[in-house]
Amino acid sequence: MQKEAIFEQLKQIIYFPKRNNIVELNMIENLQISESEVSFNLVFPDLNDPGIKMMVENCSSLIKEKFGEAIKVNVNPIAQKNSGEGPLSGVKKIIAIASGKGGVGKSTVASNLAIALSKLGKKVALLDADIYGPSMPIMFGLENAQPSATQVNGKTKVLPIEKYGIKILSIGFFVKADQALIWRGPMASSALNQLFNDAVWGEIDYMLVDLPPGTSDIHLTLTQSYPITGAIIVTTPQQVAIADVKKAVAMFRQEKINVPVLGVIENMSYFTPAELPDNKYYIFGKGNAEIFATNLNIPFLGEIPLVAAIAESGDKGSPIAMDGNGIIGKVYAQLAKNIIEQTS
């Protein structure tokens, strides 16, 4: 199921008081799609409209007619005065942090970018969408933390954990650290939807989403169900990693996904000894990611050096960008500024 195909099907439903179809009238809000389920709000001027029940039934029958009777359809009628009050209504920009392959430090980059953006005065959230290998509980020293719950309009919602000024939510908060999640794609996608929709996010300038490496159902669910501002690709200088960047970029550029690639970040670009902070040793080759980004017509956002303190700080639950005056803190501050510029 694709968003465009669902909209095309629902164009058959006319809202007679306004003499147009519900798609053209922007009556569909917060459309979410998984492999076997579709849900959305249907916005009416008020909930006393006598045609609501029939229109809800028509939505369900038309979607099932197109995609099969097994599809679960949830249509939630809401009043116009309550429109735009979904869980992500206060989130201004959603940035996907992706990588073509594992082991390039994507989660480390995501956690430190969140800190750097926060230090620049932005309200930041960090959603750990790496369902099978969540890293954020360790990187923020929250291994044993459990989010609290609250009631919103009669429904139980999760409150993201706040640390260092960042609102954080991860599947790692809900499973044991040594528990392996053996889930098929639909289950993983459902878990991702819950992280997005069953939480109270509030007002957020930037929500960073740490995606699993490669391409998967998680990527499709994210890009097809949520208003993604753009994606950032993290790589290392080695040719084997650079080659996988092309696949990641191609995925985001597919017609059915069509998410702007905001730029490439090269991690572990060069080695800088602690005692010689001005020295740069490009042990994996110099400029590979920048050349590749230029060839793909993608902005190159910057280089992050290979420094032991980066991994040590993440293992201790205190991202290295917390030290804004350190070498790495300044690197991440510049990367954050570049991202703000790309999304302005």
- Message: I'd like the full set of residues that are surrounded by 22 or more Cβ atoms within 10 Å (Cβ to Cβ) and aliphatic (A, V, I, L, M), limited to the stretch 128-143.
- Response: A129, I131, M136, M139
- Task: Check every one of the helices (runs of 4 or more DSSP H) wholly within the stretch 278-344 and list those with 2 or more residues that are under 26 Å from V261 (Cα atoms).
- Result: 288-295, 327-343
- Take the stretch 46-81 and flag every residue that is more than 32 Å from the chain's Cα centre (by Cα) and at pLDDT below 90. D46, L47, N48, D49, P50, G51
- Note on the structure: Among (1) of a type in the set (D, E, K, R); (2) in contact with a helix residue (DSSP H, G or I) (Cβ under 7 Å, 6 or more places away or on another chain); (3) within 30 Å of L117 (Cβ to Cβ), K92 falls short only on (2)
- Filter the stretch 247-284 down to residues that are small (G, A, S) and surrounded by 15 or more Cβ atoms within 10 Å (Cβ to Cβ) and give me whichever is nearest to T236 (Cα to Cα). S269
- Message: Looking for something within 15 Å of the chain's Cα centre (by Cα), polar (S, T, N, Q) and surrounded by 14 or more Cβ atoms within 10 Å (Cβ to Cβ) - is there at least one such residue anywhere in the stretch 228-245?
- Response: yes
- Task: Mind telling me which of the residues A293, A243, A250 ends up being farther than 29 Å from E143 by Cα, free of Cβ contacts under 8 Å to residues at least 24 places away in the same chain and small (G, A, S)?
- Result: A250
- Kindly indicate whether S107 is among the polar types (S, T, N, Q) and over 18 Å from the mean Cα position of the chain (by Cα). no
- Message: Looking at V56, V75, V23, can you tell me which residue is β-branched (V, I, T) and touching a residue at least 24 places away in the same chain (Cβ under 8 Å)?
- Response: V75
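The values are calculated or read from the model by the stated rules, or taken from the named source; none is laboratory data. Predicted model only: the values in this text are computed from it and were never measured. Counting neighbours? That spans all protein chains shown, and the Cβs are built from the backbone with ideal geometry, glycine included.
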